[in-house]
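Have a look at the structure below, then the notes.
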Amino acid sequence: MLAEEWETWIDGEQLLIVFNAEVRAFLSENRSSFTKDILRAGEILRRLSEVGIPGMKNPEQFKFEDRLSTGAKDGKKVAIYAVKSFKVRIYGAMGNTLLGKSAFLCVCAAIKKNDKADRAILKRSAEKVGEYDAES
(Lines give C-alpha, C1' and ligand atoms only; values in the text may rest on other atoms or scores of the structure.)
Protein backbone atom coordinates (compact mmCIF):
# COMPACT_ATOMS: atom_id res chain seq x y z
CA MET A 1 0.00 0.00 0.00
CA LEU A 2 1.37 3.40 -0.97
CA ALA A 3 1.32 6.21 1.56
CA GLU A 4 -0.76 9.21 0.47
CA GLU A 5 2.32 11.11 -0.67
CA TRP A 6 3.19 8.43 -3.27
CA GLU A 7 1.40 7.85 -6.54
CA THR A 8 1.82 5.12 -9.17
CA TRP A 9 2.83 6.68 -12.47
CA ILE A 10 3.50 3.62 -14.62
CA ASP A 11 2.75 -0.06 -14.01
CA GLY A 12 5.15 -1.83 -16.37
CA GLU A 13 6.17 -5.41 -17.05
CA GLN A 14 9.22 -5.25 -14.72
CA LEU A 15 8.69 -2.28 -12.40
CA LEU A 16 6.19 0.06 -10.89
CA ILE A 17 7.25 3.68 -11.36
CA VAL A 18 6.02 5.78 -8.44
CA PHE A 19 6.57 9.41 -7.57
CA ASN A 20 6.12 11.59 -4.53
CA ALA A 21 4.46 14.97 -4.00
CA GLU A 22 7.71 16.84 -4.71
CA VAL A 23 8.08 15.31 -8.18
CA ARG A 24 4.34 15.79 -8.86
CA ALA A 25 4.65 19.50 -7.97
CA PHE A 26 7.79 19.89 -10.13
CA LEU A 27 6.04 18.34 -13.14
CA SER A 28 2.98 20.58 -12.68
CA GLU A 29 5.01 23.77 -12.20
CA ASN A 30 7.25 23.13 -15.21
CA ARG A 31 4.79 21.52 -17.61
CA SER A 32 4.40 24.55 -19.89
CA SER A 33 8.09 25.54 -19.97
CA PHE A 34 9.55 22.07 -20.42
CA THR A 35 6.76 20.05 -22.07
CA LYS A 36 9.01 18.12 -24.48
CA ASP A 37 11.58 17.31 -21.79
CA ILE A 38 8.94 16.10 -19.35
CA LEU A 39 7.31 13.93 -22.03
CA ARG A 40 10.73 12.50 -22.96
CA ALA A 41 11.48 11.71 -19.31
CA GLY A 42 8.12 9.92 -19.16
CA GLU A 43 9.08 7.84 -22.21
CA ILE A 44 12.38 6.88 -20.56
CA LEU A 45 10.57 5.88 -17.36
CA ARG A 46 8.08 3.81 -19.36
CA ARG A 47 10.99 1.94 -20.95
CA LEU A 48 12.54 1.44 -17.50
CA SER A 49 9.25 -0.04 -16.28
CA GLU A 50 9.29 -2.56 -19.14
CA VAL A 51 12.96 -3.64 -19.17
CA GLY A 52 14.18 -2.89 -15.62
CA ILE A 53 17.50 -1.29 -14.72
CA PRO A 54 19.67 -3.93 -16.47
CA GLY A 55 17.87 -3.17 -19.75
CA MET A 56 18.65 0.54 -19.64
CA LYS A 57 21.78 0.75 -21.79
CA ASN A 58 21.95 4.46 -22.71
CA PRO A 59 23.70 6.56 -20.01
CA GLU A 60 22.58 9.71 -21.84
CA GLN A 61 19.02 8.84 -20.75
CA PHE A 62 19.37 6.82 -17.55
CA LYS A 63 22.50 6.94 -15.44
CA PHE A 64 23.74 5.60 -12.11
CA GLU A 65 24.91 8.67 -10.18
CA ASP A 66 26.13 7.43 -6.78
CA ARG A 67 25.48 5.17 -3.82
CA LEU A 68 24.55 7.36 -0.86
CA SER A 69 23.37 7.01 2.72
CA THR A 70 19.63 7.19 3.37
CA GLY A 71 20.32 8.77 6.75
CA ALA A 72 19.04 5.67 8.54
CA LYS A 73 20.76 4.61 11.75
CA ASP A 74 21.75 1.29 10.19
CA GLY A 75 23.93 3.12 7.62
CA LYS A 76 21.93 1.82 4.66
CA LYS A 77 23.00 3.19 1.28
CA VAL A 78 21.00 3.30 -1.94
CA ALA A 79 21.95 3.61 -5.58
CA ILE A 80 20.64 6.89 -6.99
CA TYR A 81 19.84 7.08 -10.70
CA ALA A 82 19.03 10.04 -12.96
CA VAL A 83 16.46 9.98 -15.73
CA LYS A 84 17.89 12.52 -18.14
CA SER A 85 16.01 14.53 -20.69
CA PHE A 86 17.56 17.62 -22.29
CA LYS A 87 16.87 20.07 -19.45
CA VAL A 88 14.91 17.94 -16.95
CA ARG A 89 16.32 15.45 -14.47
CA ILE A 90 14.27 13.05 -12.36
CA TYR A 91 16.20 11.29 -9.61
CA GLY A 92 15.22 8.00 -8.08
CA ALA A 93 16.14 4.62 -6.66
CA MET A 94 14.77 1.15 -6.22
CA GLY A 95 12.37 0.85 -3.31
CA ASN A 96 10.57 -1.92 -1.49
CA THR A 97 8.38 -4.25 -3.50
CA LEU A 98 4.80 -3.07 -3.98
CA LEU A 99 1.93 -5.24 -5.14
CA GLY A 100 4.34 -8.06 -6.00
CA LYS A 101 6.59 -5.87 -8.16
CA SER A 102 9.77 -3.95 -7.57
CA ALA A 103 9.27 -0.21 -7.53
CA PHE A 104 11.43 2.60 -8.89
CA LEU A 105 10.88 5.65 -6.70
CA CYS A 106 11.03 9.05 -8.39
CA VAL A 107 11.94 11.20 -5.40
CA CYS A 108 13.42 14.49 -6.69
CA ALA A 109 13.37 16.46 -9.92
CA ALA A 110 15.30 19.46 -11.16
CA ILE A 111 16.09 21.63 -14.14
CA LYS A 112 19.58 20.82 -15.40
CA LYS A 113 22.00 23.65 -14.66
CA ASN A 114 25.29 21.99 -15.67
CA ASP A 115 26.58 18.61 -16.79
CA LYS A 116 27.46 17.27 -13.33
CA ALA A 117 24.71 16.14 -10.98
CA ASP A 118 24.07 18.45 -8.04
CA ARG A 119 25.42 16.63 -4.95
CA ALA A 120 22.80 18.24 -2.69
CA ILE A 121 19.98 16.85 -4.86
CA LEU A 122 21.58 13.39 -4.90
CA LYS A 123 21.89 13.44 -1.10
CA ARG A 124 18.30 14.63 -0.68
CA SER A 125 17.17 11.88 -3.07
CA ALA A 126 18.83 9.20 -0.93
CA GLU A 127 17.23 10.63 2.21
CA LYS A 128 13.78 10.64 0.55
CA VAL A 129 14.24 6.95 -0.32
CA GLY A 130 15.08 6.36 3.35
CA GLU A 131 11.84 8.09 4.36
CA TYR A 132 9.90 5.89 1.93
CA ASP A 133 11.52 2.72 3.30
CA ALA A 134 10.61 3.81 6.85
CA GLU A 135 6.95 4.31 5.80
CA SER A 136 6.55 0.98 4.03
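The values are calculated or read from the model by the stated rules, or taken from the named source; none is laboratory data. Quick caveat: nothing in here was measured; it's all calculated off a predicted structure. Note that we place each Cβ from the backbone using ideal geometry, even for glycine, and neighbour counts take in every protein chain shown. Note: areas computed on protein heavy atoms with side chains; ligands, DNA, RNA excluded. Shrake-Rupley method; radii C 1.70, N 1.55, O 1.52, S 1.80 Å.
For this structure, a couple of remarks:
- The lone exception for LEU27 - which of (1) open to solvent by 30 Å² or more (accessible area, probe 1.4 Å); (2) touching a residue at least 40 places away in the same chain (Cβ under 8 Å) it fails: (1)
- Cβ-Cβ distances below 8 Å connect the following pairs, each with a first residue in region 99-119 that is in a strand (DSSP E or B), a second residue that is open to solvent by 50 Å² or more (accessible area, probe 1.4 Å) and of a type in the set (Val, Ile, Thr), and a separation of six or more residues or different chains: ALA103/THR97.
- Filter result for ILE10 (touching a helix residue (DSSP H, G or I) at 6+ places or on another chain (Cβ under 8 Å), surrounded by 16 or more Cβ atoms within 10 Å (Cβ to Cβ) and free of Cβ contacts under 8 Å to residues at least 40 places away in the same chain): yes
- Taken over region 70-82, the residue count meeting the criterion of being open to solvent by less than 50 Å² (accessible area, probe 1.4 Å) and either touching a helix residue (DSSP H, G or I) at 6+ places or on another chain (Cβ under 6 Å) or under 15 Å from CYS108 (Cα atoms) (or both) is 7.
- Of the residues making up region 83-98, those that are under 15 Å from GLY42 (Cβ atoms) and either hydrophobic (A, V, I, L, M, F, W, C) or outside any strand (DSSP E or B) (or both) are VAL83, SER85, PHE86, LYS87, VAL88, ILE90.
- Qualifying residue in region 46-61 (condition: hydrophobic (A, V, I, L, M, F, W, C), touching a residue at least 24 places away in the same chain (Cβ under 8 Å), open to solvent by less than 30 Å² (accessible area, probe 1.4 Å) and touching a Phe, Trp or Tyr at 6+ places or on another chain (Cβ under 8 Å)): yes
- Residue selection: GLU22 fails the criterion of being assigned to a strand (DSSP E or B), open to solvent by 30 Å² or more (accessible area, probe 1.4 Å) and closer than 19 Å to LYS123 by Cα.
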